[in-house]
Amino acid sequence: MSCCMSRRLQQQSSCRTHKLSYGGLVMHFAYVWLRDHCHSASCFNSKTNQRNLDTANVELNIRPANTRVDDENIFLTWPDGHVTRYNLSWLAQNSYEGQKQSAMQPHIIWNSDIYTSAKVPSANWDKFMSCDDELKKFLGRFLLYGIAFVEGVPPTVEATETLTQRVSLIRETMYGKMWNFTSDFSRGDTAYTKLALDRHTDTTYFQEPCGIQVFHCLRHEGTGGRTLLVDGFYSADKVLQKTPENFELLAQVPIKHEYIENVSDHHNHMIGIGPVLNVYPWNNEVYMIRYNNYDRAVINTIPHDIVKRWYVAHRELTTELRKPENELWIKLKPGKVVFIDNWRVLHGRESFTGLRQLCGCYLTRDDFLNTARSLGLHA
Ligand SMILES: C[N+](C)(C)CCCC[C@H](N)C(=O)O
Ligand SMILES: O=C(O)CCC(=O)C(=O)O
Ligand SMILES: [Fe+2]
């Protein structure tokens, strides 16, 4: 065991791992990891940001022949003489222990009061289309709250599409690219009726549910039809605080969702498999909630004793999601476009009368995150 001290740094090595303390964080690195992540010119192509080193050629039990640290760096000399230098703050940021402490995506989880008191502004169509800073603010709010609004949008499908192109790419599905639908039952789904829809996320029956949903109500001559929004992460957090074993079950048990459509020319059969709560295993952070009781398929992925416990856990989550104080009700009107994080915020609607025409689309998540990062946001 070697030991070296600097003001902020302590290091210790054992057989296959290296221990470092830096800025109050104790980190452990496997030597094979330290060799694999070498950013020297021969191991890493800094033009393409791609690894050059062939990981399969690294001796799994590799140990450095020599290590040395200064205030900012650690230098490892490998048995073949190759030298790897790591900046200590880079290591701190990229260590498991560092990841464990920080959220992948910081959120403000909300109920109706929290969201309303925050008085989150809507973006304005003109500025949104012409000014990257307005777009950046909008995306920042969307990342924090999982919903964001643009107002003053011309009430057309075309303008709505133009708007979404600032944010991401349209995710084409069997419903098409842009949809413009009404209660005509042209498709085999309750969305195409006047009935109320309880809170849910969409496309739970895809292996990767759509990342973002956009709604623009182009027309409504009648009553009802308000939109319900509920922050699923807020309710999931309540379950975690109250009954961790229920949270655990919802995060561990894979279930199926299914879409079977046989209406006129539309023949679709989709199946998606995954838990209700999708969490990063290293920090338990929820990154996606799949919740749609209409589209949930037969449960045949778990034995009967666990099934019973799963229903208890599902009931607790549902109870949280249904608390009136967690419900944000809004009336969509022509000109007001809502973007909904379909991995986080559940939507629903009140039953309605009269002609109601809703347009919108799904957007890909990766391309939205890409836009956000390109504007300098942490995403
Ligand atoms: C949005 N749009 C009207 C196109 C489709 C609605 C799909 C509804 C479906 N049950 C789901 O929740 O995924
Ligand atoms: O009609 C609405 O407001 C929304 C219906 C719905 O849930 C959907 O289209 O995904
Ligand atoms: Fe929906």
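The values are calculated or read from the model by the stated rules, or taken from the named source; none is laboratory data. This structure is a prediction, so every number in the text was calculated from the model and none was measured. No Cβ is skipped: glycine too gets one built from the backbone with ideal geometry, and neighbour counts run over all protein chains shown. Ligands, DNA and RNA are excluded from the accessible area calculation, which covers all protein heavy atoms including side chains. Shrake-Rupley method; radii C 1.70, N 1.55, O 1.52, S 1.80 Å.
Out of all the residues in the range 53-90, which are surrounded by fewer than 14 Cβ atoms within 10 Å (Cβ to Cβ), touching a strand residue (DSSP E or B) at 6+ places or on another chain (Cβ under 6 Å) and not in a strand (DSSP E or B)?
Listed by number, the list holds a single entry, ALA65.
Within the range 289-307, track down each residue that is of a type in the set (S, T, N, Q) and farther than 20 Å from ASP341 by Cβ.
ASN300, THR301
Suppose we filter the range 312-331 for residues that are open to solvent by 10 Å² or more (accessible area, probe 1.4 Å) and of a type in the set (A, V, I, L, M); how many remain?
Of the residues in the range 312-331, 3 are open to solvent by 10 Å² or more (accessible area, probe 1.4 Å) and of a type in the set (A, V, I, L, M).
With THR364, THR319, THR301 as the choices, which residue is modelled with pLDDT under 95, away from ligand 2 (no atom under 12 Å from the Cβ) and assigned by TED's automatic domain parsing to the domain that holds PHE185?
THR301
Quick one: which of ARG290, ARG349, ARG356, ARG309 is under 14 Å from GLY211 (Cβ atoms) and surrounded by 14 or more Cβ atoms within 10 Å (Cβ to Cβ)?
ARG290
Out of the residues in the range 323-379 that are in a loop (DSSP other than H, G, I, E, B) and β-branched (Val, Ile, Thr), which is farthest from ligand 3 (Cβ to nearest atom)?
By that ranking, first place goes to THR353.
Residues that are open to solvent by less than 20 Å² (accessible area, probe 1.4 Å): which helices (runs of 4 or more DSSP H) entirely in the range 91-164 hold 3 or more of them? I'd like the intermediate steps shown before the answer.
Values: elements: 96-101, 112-118, 125-130, 132-145.
Hits in the range 91-164: 132-145.
Would you check if ASP189 is under 27 Å from the mean Cα position of the chain (by Cα), within 12 Å of ligand 1 (Cβ to nearest atom), acidic (Asp, Glu) and farther than 21 Å from MET288 by Cβ? Before you say what the answer is, go through the steps one by one.
Values: under 27 Å from the mean Cα position of the chain (by Cα): yes; within 12 Å of ligand 1 (Cβ to nearest atom): yes; acidic (Asp, Glu): yes; farther than 21 Å from MET288 by Cβ: yes.
Against the criterion (under 27 Å from the mean Cα position of the chain (by Cα), within 12 Å of ligand 1 (Cβ to nearest atom), acidic (Asp, Glu) and farther than 21 Å from MET288 by Cβ), ASP189 qualifies.
Which one of these is farther than 30 Å from PRO155 by Cα and surrounded by 14 or more Cβ atoms within 10 Å (Cβ to Cβ): VAL276, VAL214?
VAL276
Of these, CYS217, CYS210, which one is of a type outside the set (Phe, Trp, Tyr), touching a Leu at 6+ places or on another chain (Cβ under 6 Å) and within 13 Å of ligand 2 (Cβ to nearest atom)? If you could, list the steps in order and put the result at the bottom.
On the way: CYS210 fails: touching a Leu at 6+ places or on another chain (Cβ under 6 Å).
That would be CYS217, the only listed residue that is of a type outside the set (Phe, Trp, Tyr), touching a Leu at 6+ places or on another chain (Cβ under 6 Å) and within 13 Å of ligand 2 (Cβ to nearest atom).
Assigned by TED's automatic domain parsing to the domain that holds ILE147, open to solvent by 10 Å² or more (accessible area, probe 1.4 Å), of a type outside the set (Phe, Trp, Tyr) and modelled with pLDDT under 95: does that describe ASP198?
In short, no.
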